[in-house]
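Following: one structure in structure tokens, then a few remarks.
Every read-out reported here was derived from the displayed coordinates using simple, explicitly stated rules and does not represent laboratory data. The structure displayed is predicted, hence computed values, not measured ones. Glycine gets a Cβ as well: all are built from the backbone with ideal geometry, and neighbour counts include every protein chain shown.
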Amino acid sequence: MSSLLRDFRSWPGAKQWLYCLLTTVALLGLAWLFLPHFADLDNRPSLAQMLKVAAVAFLFPAFFEETVFRGLLNRSQTRLSIALSTTLFVIWHPIAGYVFIPSALPYVTDLRFLAFTVVFGVAFCLMRRLTGSMWPPILCHWIVTVTWKALGGAQFLTS
């Protein structure tokens, strides 16, 4: 637990932030190309909806999921803990869809979405490992969620 608290108190340097942000942008580009319904530019949310999504998305999924999957389940930051936390992160998405947003089930059970969840999960684990901080995975997860919604994807989050 002390390593997790230390990683919440740690703030990465500018080069580490740049690496994490560029990685996130690259992953968003791949998601745009390969994920079905990642963007629906004709159905972008209103500014009021986006502000609500941005506020809520910081707490859940970004802060909560990163604390659990990159923090608690990946304390040792070994290959095994990265694999385990990423596997549980992938399994979590359909469960969360079923419990919290049943209208999201067709999306969060799509194999392409689950494959990207693996990629993002490993990337977020590596961000923590390389920076020694929880903040890059939290903020990059938040950026992914807000960008996805801002591009008109994830209609189930505001419908």
Applying the selection to the range 45-74, what residues are of a type in the set (Phe, Trp, Tyr) and closer than 11 Å to residue 146 by Cα?
58
Taking the range 35-62 as the search range and keeping residues that are among the hydrophobic types (A, V, I, L, M, F, W, C) and surrounded by fewer than 13 Cβ atoms within 10 Å (Cβ to Cβ), which one is nearest to residue 92 (Cα to Cα)?
60
In the range 115-138, the residues that are within 24 Å of residue 36 (Cα to Cα), hydrophobic (A, V, I, L, M, F, W, C) and buried (at least 16 other Cβ atoms within 10 Å of the Cβ)
116, 120, 123, 124
Per-region count, the range 68-84, residues surrounded by fewer than 23 Cβ atoms within 10 Å (Cβ to Cβ) and free of Cβ contacts under 8 Å to residues at least 60 places away in the same chain:
11
Residue within the range 61-76 that is in contact with a helix residue (DSSP H, G or I) (Cβ under 9 Å, 6 or more places away or on another chain) and among the hydroxyl-bearing types (Ser, Thr, Tyr) present:
yes
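So, in the range 39-82, of the ones that are among the basic types (Lys, Arg) and under 15 Å from residue 132 (Cα atoms), which residue ends up farthest from the chain's Cα centre (by Cα)?
The extreme case among them is 75.
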Check 8, 113, 69, 89 and return the single one that is in a helix (DSSP H, G or I) and in contact with a Gly (Cβ under 6 Å, 6 or more places away or on another chain).
89
With the structure loaded, tell me whether residue 105 is without any contact (Cβ under 8 Å) to a residue 24 or more places away in the chain, farther than 17 Å from residue 31 by Cα and touching a Phe, Trp or Tyr at 6+ places or on another chain (Cβ under 8 Å) or whether it fails that test.
yes
